[in-house]
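Student: One structure follows; several queries about it will come next.
The values are calculated or read from the model by the stated rules, or taken from the named source; none is laboratory data. Computed from a predicted model, the values in this text were never measured in an experiment. Every residue, glycine among them, receives a Cβ derived from its backbone with ideal geometry; neighbour counts consider all protein chains shown.
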Amino acid sequence: MKRIERAYWAIGCWLVLALIGYGLQPLVSSSGSVDLQRQLLEQALQHSLISEAEERAILDRQGLLDRFLSADFAGSLFQLIPARLSPHNDPHPRRSVARLDRGSESGLKAGMGVIGASGVIGKISSTGPGWSLVQLADDPAFVIPFIDEGGRLAIYAGGPDRGQGHPRLRVDPVQLGESMVVRTHGGSGIFPEGLVVGIVSEVRIPFRDTVIQPTSTLHQGQEVLILNPMTRLETR
């Protein structure tokens, strides 16, 4: 047998023995050793998943900032503050809220608007160190002005059911049709003009019974932006 063939044969035998030893290890190892190995493997997997989720969140946050940091949006006099929004169960059955991982330490205050990749998410209702609660766009107490595709003004209100809202008041002769996108008016000072409020899913009579569906991601964990109105002094 040639030298190189003997070397290959030796390597092959070593691999076979290693595989056999690995397969027999659970049979000869103590249960404590096996449990320890399993625990270490689970911890390594958890750390890997956490790192992957954090990297994905950073990419989502940067993508959201890049999307809204346009010339038009920057000129709307809002500072964009990124945060992570998580679902939150309120003890009151009619309330629709979520939680942010930022609060008073970041300058967040009640009344600031919150937006996501699909449009309006809600408004901050309360803050504390490291946290804020958001009144979502389908909460019955959530109210903002909106415009139809012709720029005519009406008032949007959330609810009464989860995942929907309706036009509470017609200021101008608003005309709504199914699948029409309604957008923020911009006159409230909370949101700039042109952000998506929702899509008309059902046109009903009377007008206030028409159903407007806000973004479907309201109750999902996601990266969001808080709109902090800047004073004229800050914009110089």
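Student: Looking only at residues in the range 185-213 that are at pLDDT below 95, surrounded by 19 or more Cβ atoms within 10 Å (Cβ to Cβ) and under 22 Å from the mean Cα position of the chain (by Cα), which one is farthest from Lys109 (Cα to Cα)?
Tutor: Going through the qualifying residues, I end up with Leu195.
Student: Out of curiosity, is Gly150 surrounded by 14 or more Cβ atoms within 10 Å (Cβ to Cβ) and either without any contact (Cβ under 8 Å) to a residue 40 or more places away in the chain or not in a strand (DSSP E or B) (or both)? Don't jump to the end; show me each part of the working.
Tutor: Details: surrounded by 14 or more Cβ atoms within 10 Å (Cβ to Cβ): no; either without any contact (Cβ under 8 Å) to a residue 40 or more places away in the chain or not in a strand (DSSP E or B) (or both): yes.
In short, no.
Student: Now, a different point. Among the residues of the range 89-123, which ones are among the β-branched types (Val, Ile, Thr) and surrounded by fewer than 22 Cβ atoms within 10 Å (Cβ to Cβ)?
Tutor: Result: Val97, single match.
Student: Sort out which residues of the range 74-107 are of a type in the set (Lys, Arg) and over 23 Å from Ala141 (Cβ atoms), and write them in order of number.
Tutor: Residues of the range 74-107 that are of a type in the set (Lys, Arg), as a first pass: 84, 94-95, 99, 102.
Selection gives Arg84 alone.
Student: Out of curiosity, is Leu176 more than 22 Å from Leu227 (Cα to Cα) and either more than 21 Å from the chain's Cα centre (by Cα) or part of a loop (DSSP other than H, G, I, E, B) (or both)?
Tutor: yes
Student: When you scan the range 180-191, do you find a residue that is aromatic (Phe, Trp, Tyr), touching a Lys or Arg at 6+ places or on another chain (Cβ under 7 Å) and in the same structural domain as Ile115 (by TED's automatic domain parsing), even just one?
Tutor: Taking every residue of the range 180-191 in turn, none turns out to be aromatic (Phe, Trp, Tyr), touching a Lys or Arg at 6+ places or on another chain (Cβ under 7 Å) and in the same structural domain as Ile115 (by TED's automatic domain parsing).
For every residue, the table says whether it meets (1) farther than 23 Å from Gly116 by Cα; (2) in a strand (DSSP E or B); (3) touching a Phe, Trp or Tyr at 6+ places or on another chain (Cβ under 8 Å); (4) not basic (Lys, Arg).
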| site | (1), (2), (3), (4) |
| --- | --- |
| Leu169 | yes, yes, no, yes |
| Arg183 | no, yes, yes, no |
| Gly187 | no, no, no, yes |
| Val200 | no, yes, no, yes |
| Thr215 | no, no, no, yes |
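Student: For the range 153-167, name all the residues that are outside any loop (DSSP other than H, G, I, E, B) and not hydroxyl-bearing (Ser, Thr, Tyr). Full working, then the answer.
Tutor: Applying the first criterion (outside any loop (DSSP other than H, G, I, E, B)) to the range 153-167 yields 153-158, 165-167.
Residues satisfying the conditions are Leu153, Ala154, Ile155, Ala157, Gly158, Gly165, His166, Pro167.
Student: Against the conditions (1) aliphatic (A, V, I, L, M); (2) closer than 15 Å to Ser96 by Cβ; (3) in a strand (DSSP E or B); (4) touching a Ser or Thr at 6+ places or on another chain (Cβ under 9 Å), where does Ala141 fall short? Just the number, please.
Tutor: Failing condition for Ala141: (3).
Student: Moving on to the next point. Sort out for me the strands (runs of 3 or more DSSP E) sitting completely within the range 72-118 that have 1 or more residues that are closer than 24 Å to Gly159 by Cβ and modelled with pLDDT under 95.
Tutor: Because the criterion is at least 1 residues that are closer than 24 Å to Gly159 by Cβ and modelled with pLDDT under 95, the strands (runs of 3 or more DSSP E) in the range 72-118 that meet it are 78-88, 113-116.
Student: Something else about it: Could you list all residues from the range 156-184 that are at positive phi and surrounded by 15 or more Cβ atoms within 10 Å (Cβ to Cβ)?
Tutor: Across the range 156-184, the qualifying residues are Gly159, Gly163.
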